[in-house]
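**Q** Questions regarding the structure given below will be posed in turn.
The values are calculated or read from the model by the stated rules, or taken from the named source; none is laboratory data. Fair warning: this is a prediction, and the values are worked out from it, not measured in the lab. Virtual Cβ from ideal backbone geometry, glycine too; neighbours counted across all protein chains shown. SASA here: full protein model, heavy atoms, side chains in, ligands and nucleic acids out. Shrake-Rupley method; radii C 1.70, N 1.55, O 1.52, S 1.80 Å.
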Amino acid sequence: MESPLLKTPGAVAADAPDQEIAAHYGDPSKEQRALERGAAFVDRSNRGVLKVTGPDRLSWLHSLLSQHLDGLKPYEPTEALLLDPKGHIEQHLFVIDDGETTWAHVEPGAAAPLAEFLDRMRFMLRVEVADVTAEYMVVTGPPQDGGLSWPDVAGTATRIVPRGEFPEGLEPAGLWAYEALRIAEHRPRFGLDTDERTIPHEAGYVETAVHLTKGCYRGQETVARVHNLGRPPRRLVFLHLDGSVDRLPAHGDPVEIPGGRTIGFVGSAARHHELGPVALATVKRNVPVDAELLAGGVAAAQEVIVSPDTGANAQIALRRRPAKHG
C-alpha cells in the first residue's frame, strides 16, 4: 500500500522492506533536525497493524508472547516477542491496550502471517484477531495526549491512527531521519538488526520486550537458560564508521576483524547529522570489545551495547543517547 506522501515533490522511496514510504524529501540532515526538535513527523504507514478483541485477549497473549500482558493497564505501552520453540525471535510487537481492544504494530508485511498464526492458537478462548493494516497506520512525531502511543526516538512518539490521518502543521521527514536517530540510540530493528538465529539476549530485547519471571511461553527455556548461565553466542554492537568513505555498508555485509575473518554482519546503517556515519551490527560474543572492525569494507570502531557477559542475571543495559534539540 504505497503512501500518498511519495507523491510529495522531492520524495525518494526507501529501500526494501520500506519501499512504500519515503526515505527522504530532499534534505535528510535537515529532516533529522526537524524531527528532533518536534517540527516534523515520519510516515511509517507501511508497518502492519493488528487488533485483538474479546475478554480473554490479554491472558491469551500473555501465554503466547514474552511479555507480561495479563492485567496490562489501559494505554500502558509495551513491547513483546513471539519466539519459536528454540527461542529464536519470529516477531517483535509494540503492544498497547485501550481497555477493550489490544493493538499492536509490527514490521512491514508481518501483520497478515502473525494474524494467521494467532488465529490458529485461539482454540476455545473468547478472542478475535484482525489484520487492520488497511484501516490504520503508524506515524512518528511529537508526543500528543491520549491515543495509541509509544515513546520513541529523540523524544518523539509513535502512534496508531486511522489510515491517511497525517499530523497537521508539521513537515514530513523521511524514514532515513528516523533510522539515523534510532541507530544512534542503539535501538535494534527486527529483521534488519536480527536474523533467523537471533535470541532476545543477543539484541538487548530482554530489557524492553521480555518478562523474566512470568509463566511459560514458547521459547522460554532458551531465555531462562541464557539468563541463568549467561553468554549468548553473539552480541549487538554500535559502530562509528569511517567518515572519509563515501558509502555506507549495506544490510547483511560481513563484519570482519583485521586479517579478513568474518565475525558478524551489518544490520542497519545511516548518516547521523551529528555523529556522522553509524551502524548496528551483530558480532560473535568473544570478539574483543576494543577490536577495530571492518563493516562491509569500511573501517569501524565499536561501542558496546550488549555486554559479552550478558545473562547470568547480569544487568542488561541497552544504552540510550540523550535527546538533543536544536
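**Q** Percent of accessible area on region 1-116 owned by carbon and sulfur, 1.4 Å probe?
**A** 51
**Q** Say R0 is 45 Å: what FRET efficiency, to the nearest 0.05, do D246 and D84 get from their beta-carbon distance?
**A** Here the calculated transfer efficiency is 0.65.
**Q** Calculate, for the chain, the solvent-accessible area per residue in square angstrom, rolling a 1.4 angstrom probe over the heavy atoms of the protein chains.
**A** Per-residue value: 44 Å².
**Q** Given N residues in region 1-127, what is its alpha carbon radius of gyration divided by 2.2 N^0.38 Å?
**A** After normalising by residue count via 2.2 N^0.38 Å, the value is 1.26.
**Q** Testing the spin-label approximation: label points 7 Å from Cα along Cα→Cβ at T8 and A130. State their distance in nm.
**A** 3.0
**Q** Then there's this: So if we plug the beta-carbon distance of R261 and L212 into 1/(1 + (r/R0)^6) with R0 = 45 Å, what FRET efficiency do we get, rounded to 0.05?
**A** My answer for the efficiency is 0.85.
**Q** Could you work out [θ]222 nm for the chain from helices alone, using -39500 (n - 2.57) per DSSP H run of at least four and dividing by all its residues? Round to the nearest 500 deg cm²/dmol.
**A** That comes out to -4500 deg cm²/dmol.
**Q** Still on this structure, I have one more. For the chain, what's the relative contact order in percent, using C-alpha pairs closer than 8 Å and at least 6 residues apart?
**A** The normalised contact order for the chain reaches 19 percent.
**Q** Apply 1/(1 + (r/R0)^6) to the Cβ-Cβ distance of N286 and R197, taking R0 = 22 Å, and write down the FRET efficiency to the nearest 0.05.
**A** Approximately 0.85, to the nearest 0.05.
**Q** Could I have the simple spin-label model distance between E171 and D27, label points 7 Å from Cα toward Cβ, reported in nm to one decimal?
**A** About 0.5 nm, to one decimal.
**Q** Would you please put 85-93, 6-14 in order of how densely packed they are, using the mean number of other Cβ atoms within 10 angstrom per residue and starting with the highest?
**A** Descending mean neighbour count gives 85-93, 6-14.
**Q** Quick check on the chain: take the gyration tensor over C-alpha atoms, sort the square-rooted eigenvalues as a ≥ b ≥ c, and tell me if it's rounded (a/c under 1.5), prolate or oblate.
**A** Cα axes put the chain in the oblate bin.
**Q** Springs between alpha-carbon pairs under 10 angstrom, Gaussian network model over the chain: which of P249, P233, P113 fluctuates most?
**A** Fluctuation is largest for P113.
**Q** Compute the Rg to Rh ratio over region 146-265 from the alpha carbon atoms, using the Kirkwood formula for Rh, and round to two decimal places.
**A** 1.03
**Q** Something else now. What residues qualify as long-range amide H neighbours of R47, i.e. H under 5 Å apart, gap of 5 or more or another chain, H built at 1.01 Å from N?
**A** Sorted by chain and number, the residues that satisfy this are V138.
**Q** Carbon and sulfur together cover what percent of the accessible area of region 227-319 at a 1.4 Å probe radius?
**A** Ligands and nucleic acids excluded, carbon and sulfur reach 51 percent.
**Q** Express in nm, to one decimal, how much length is gained between E100 and D56 on full extension, taking 0.36 nm for each residue of separation and deducting their alpha carbon distance.
**A** Answer, rounded to one decimal: 14.8 nm.
**Q** For the full complex of protein chains and a 1.4 angstrom probe, list D70, D97, D195 by accessible area with the highest value first.
**A** Accessible-area ranking of D70, D97, D195, largest first: D70, D195, D97.
**Q** How large is ³J(HN,Hα) for each residue in region 57-67, as worked out from phi by the Karplus curve 6.51 cos²θ - 1.76 cosθ + 1.60 (θ = phi - 60°), to whole Hz, x for Gly and Pro?
**A** 4, 6, 5, 5, 5, 4, 6, 9, 10, 7, 9
**Q** Of the candidates A110, A16, A299, which one comes out as most mobile in a Gaussian network treatment of the chain with C-alpha springs shorter than 10 Å?
**A** A16
**Q** Right, something else. Applying the Karplus parametrisation 6.51 cos²θ - 1.76 cosθ + 1.60 with θ = phi - 60° to the phi angles of region 235-247, what ³J(HN,Hα) value in whole Hz is obtained for each residue in order, glycine and proline being reported as x?
**A** 3J(HN,Hα) across region 235-247, in whole Hz: 8, 7, 10, 9, 10, 8, 8, 4, x, 7, 8, 8, 8.
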